[in-house]
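> Below you'll find the structure I mean.
The values are calculated or read from the model by the stated rules, or taken from the named source; none is laboratory data. Model, not experiment: these values are computed from the prediction. Glycine also receives a Cβ, built like all others from the backbone with ideal geometry; neighbour counts cover every protein chain displayed.
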């Protein structure tokens, strides 16, 4: 149970706050079992319904998970301890490959685009009552989606990929629902789910994307939504192939009530074709494309196409909260997109050359690694902690795989976005020395 930590409170809010305080201070360990409802009610002298309400509050806040007769437990990684807090200090002499950021040298100069947006604001200020989306951005997004053979649908503008995903999940799911997610997968998404009171259902993957049998198992166990990264999967670089997309569409065809979210955050900086899953069966779907990787993370903007009900719910909730995404941002992104400020082919070629340089050097030393697309390379290792520490001593800071894993084996994520050929060679030498003969080989799946 909870060891020596004494539970207190008479009201549900007091009991929940006391347990949450114990978790946040490290006095209650992740995975610890909570007392049965009736036992705790008797101990505190309250009605069992009061304890049940406290446990619901904790579940909704992403602190615990409830599993019926199996009881309630503190989540292995509560939302109080997000994964991005798993950080490795960067010594002055070290090269930081842990960030997942694009290369600043490949981001466009924003001057002209910002000037055009400012001029538009001067001549036609945006006041209350204006349409939420800039028509030019909608036209560019619609043409992009149509070029990739996506089903037609309305478009809404959100503040980045994670904002869009959160709004879509919030439109359809309720606390306690399960969401099928890639494992290893995007750490921010894996943090978001418990914060929303949702449960991650891990789906294993290889270089071609999620494994159909693993997705089928997650759906059979009751997952109510699926989030798939189309290209530049974080952290492994996986990209959906035509064959894998066809297999996944066949799985999804049997689950029309599932909400399908496709995260195509790599749009504009990858060279793999887009293979849509939308239209394969789920009635409610959305495809999200973000400006972060191609134009810069500070341009907090994403475009979302989906079925009318999903987009309508997201747009309606947006109006009640933020209202709209700044037209200055929208016009800036539209101008960058319209003028092709940094051609996608240029970005894709640069990032591929840097990934391939490291992958080639690692392969030459017998080290397994993955990086079909995007900004990162994933290296399976037997022990993350020792590998990370040893690389720091050699001047490299990498991201431990624990940020991205649920049940998948250990690994390291290395951001190659700004890694040159000479550094790739030196890094591969150091990894080979750290991992030993044979490179500590293990499989991604």
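> When you check residue 390 against the structure, is it under 24 Å from residue 297 (Cβ atoms), surrounded by fewer than 19 Cβ atoms within 10 Å (Cβ to Cβ), over 25 Å from the mean Cα position of the chain (by Cα) and in contact (Cβ under 8 Å) with a residue 24 or more places away in the chain, yes or no?
No.
> Shifting gears a bit: In region 46-68, which residue that is touching a residue at least 24 places away in the same chain (Cβ under 8 Å) and assigned to a loop (DSSP other than H, G, I, E, B) is surrounded by the most Cβ atoms within 10 Å (Cβ to Cβ)?
Only one residue fits best here, namely 63.
> Just the residues that are closer than 18 Å to residue 362 by Cα and crowded, with 22+ Cβ neighbours inside 10 Å, please, taken from region 402-414.
Within region 402-414, the first condition is being closer than 18 Å to residue 362 by Cα, and the residues that meet it are 410-414.
411, 412, 413, 414, listed by residue number.
> Any idea which of (1) farther than 18 Å from residue 264 by Cβ; (2) out of contact with any helix residue (DSSP H, G or I) (no Cβ under 6 Å at 6 or more places or on another chain); (3) in the same structural domain as residue 264 (by TED's automatic domain parsing); (4) assigned to a helix (DSSP H, G or I) is the one residue 360 doesn't satisfy?
It fails just one condition, (3).
> Could you figure out which of (1) closer than 25 Å to residue 177 by Cβ; (2) touching a strand residue (DSSP E or B) at 6+ places or on another chain (Cβ under 7 Å) isn't true of residue 256?
(2)
> For region 234-243, does any single residue satisfy the condition of being in contact with a strand residue (DSSP E or B) (Cβ under 8 Å, 6 or more places away or on another chain), in contact (Cβ under 8 Å) with a residue 40 or more places away in the chain and under 20 Å from residue 198 (Cα atoms)?
There is no residue in region 234-243 that is in contact with a strand residue (DSSP E or B) (Cβ under 8 Å, 6 or more places away or on another chain), in contact (Cβ under 8 Å) with a residue 40 or more places away in the chain and under 20 Å from residue 198 (Cα atoms).
> Only one of (1) touching a helix residue (DSSP H, G or I) at 6+ places or on another chain (Cβ under 8 Å); (2) part of a helix (DSSP H, G or I); (3) surrounded by fewer than 22 Cβ atoms within 10 Å (Cβ to Cβ); (4) outside the structural domain of residue 207 (by TED's automatic domain parsing) is not met by residue 349, so which one is it?
Against the list (1) touching a helix residue (DSSP H, G or I) at 6+ places or on another chain (Cβ under 8 Å); (2) part of a helix (DSSP H, G or I); (3) surrounded by fewer than 22 Cβ atoms within 10 Å (Cβ to Cβ); (4) outside the structural domain of residue 207 (by TED's automatic domain parsing), residue 349 comes up short only on (1).
> Quick test of your reading of the structure: residue 171 fulfils all but one of (1) more than 14 Å from residue 193 (Cβ to Cβ); (2) surrounded by fewer than 18 Cβ atoms within 10 Å (Cβ to Cβ); (3) in contact (Cβ under 8 Å) with a residue 40 or more places away in the chain. Name the failing condition by number.
The one condition residue 171 does not meet is (2).
> Does region 1-29 hold any residues that are assigned to a loop (DSSP other than H, G, I, E, B), in contact with a strand residue (DSSP E or B) (Cβ under 7 Å, 6 or more places away or on another chain) and surrounded by 15 or more Cβ atoms within 10 Å (Cβ to Cβ), and which are they?
28
> I want to confirm something. Restricting to region 89-140 and keeping residues that are touching a strand residue (DSSP E or B) at 6+ places or on another chain (Cβ under 8 Å) and outside any loop (DSSP other than H, G, I, E, B), which single residue is nearest to residue 413 (Cα to Cα)?
Going through the qualifying residues, I end up with 96.
> For region 141-153, which positions are touching a helix residue (DSSP H, G or I) at 6+ places or on another chain (Cβ under 8 Å) and either in a helix (DSSP H, G or I) or surrounded by fewer than 18 Cβ atoms within 10 Å (Cβ to Cβ) (or both)?
152
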